[in-house]
Amino acid sequence: MKNPTNRINEKEQFKSIAKDSSGKFAKTESLPFSCRFCGSSNVVKFGYNVTKEGKKARYKCKDCNAKFTPTTKLVKQIKFQSNHKDIENVKTKELKKLCKLIKETIYPFLDFKVHYTGKYDTKKFLDLLTHVAMNHDFTHNGSQTFRFVMKENTPASNTLLYHIRKSDSEELRKNFIKAFEEIFKIAKKNNVFKKRKLDVAIDLHDWLYYGNKNDFMVCETKPQKGTTHCFRFATINIVENGRRFTLLALPMHAFDEKYKILDELITYAKSKISIRNVYVDRGFFTVKCIDTLYQQKVKWLMPAVKNKAIQKLIKENNAPKILDYVMGDTRYQHVKFKLAIVNDQENVKRVFATNLKITEDNARILFQEYGKRWGIETSYRVKQDFKARTTSKRYVVRLFYFMFSACLYNLWILANIMVGLAILKFIPKEPFITAKMFGVMLYTLCSYLDPGG
């Protein structure tokens, strides 16, 4: 039996604090044991915060994933107050609305151009591919489990692959770019990216390949998992919490020059958003790439490659140290930038190249800034959950699967934002809807459902 005294103390912890007319914080009447954001009573303890006044309990809502303390002053309590069942009903209703919108606006850009006598339309093929991708399965096995789940006749794997293989890779790339743009329009229409500067990260993603190195679009990569070949994709991503969108994904040929890809990605991003900082991988630590960043007039940050000249500087200087560095042949092409030598938490010297305004006193902030780039690594791991598996050597199949996974990832992020705004009245920093729930809702929802589900 629970001690009544403990119950009273627990309730006392949930007293809100509000500012009175004098500007001081004054206690108001106690709140019920529920989430400050969605009103759910499905709340669990989630550690504590250390303040000047001592330790304060921290809580997490299992329904909306919000984390808060009973004395949170920075977040306004919303008017939505309901029980867990009603929250789930609203969540399902809003998700159905979005899935219907996706099938009506995004799917047409990925049209397979099926003959009018065909048994299945594009939506059926994309529903099958969504099921396969969400289960991270091969198309053959996924088509069989999809038929079992849907309890009706569904496309066979060889039929789906036939329609993908007959696609033109260049036309396919353009269609997916249009799909990305449409997703972004929906997000912008819902004020997701309004009047603010956003951080972006640029990276290269290698999809390992075990076929012939002379096959179309195959690139060389460092030895890993028994191969040195891959299909390569360059992406630019928004890396803000809760807004980790892939703005654009581009396939790369073995002879594509990185600085040209870098220029195309940044130019595209600037046409969509206002950029605060660009975080770049050390693979772009070249004279031409850095010169491209300067020409684009953006603030940028990347780890420096520890060549012989930089290794010498590391030995000669104690951290923190900010140096003016010139890379390249001073008689021909060269670039100037700041080289920051900073100790990490384990007292190991790290080197960053940047044009940000930094001093030796605040140099450690570079770790925090570049840490935002790990959002792109997280997005790649999540994209793996949206990507179907394949052993196909056809480039067009690999292209379709990768671009479709990026598209599904964006739609999942969009679902979390829009449903989160509808219920919580703010954009949740952590997933409000699981990827599995979103995927299942998308491929099981019939296009004829009304908005209310």
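No lab work stands behind these numbers, since they all come straight from the coordinates. These numbers come from a predicted model, not from an experiment.
Panel note: the C-alpha atoms of the range 151-248, placed on their principal axes, show extents of 48, 44, 29 Å (largest first).
Legend: residue pairs Lys297/Lys336; Lys308/Lys349; Lys93/Lys119, Cα-Cα distance threshold 19 Å; pairs beyond threshold, Lys93/Lys119.
Pairs exceeding a 28 Å alpha-carbon distance, out of Lys67/Lys272; Lys213/Lys312; Lys315/Lys338: Lys67/Lys272; Lys213/Lys312.
Its Cα gyration tensor gives the range 309-365 an equivalent ellipsoid; the semi-axes, largest first and in whole Å, are 22, 13, 8. Pairs exceeding a 18 Å alpha-carbon distance, out of Lys197/Lys258; Lys178/Lys436; Lys258/Lys288: Lys197/Lys258; Lys178/Lys436.
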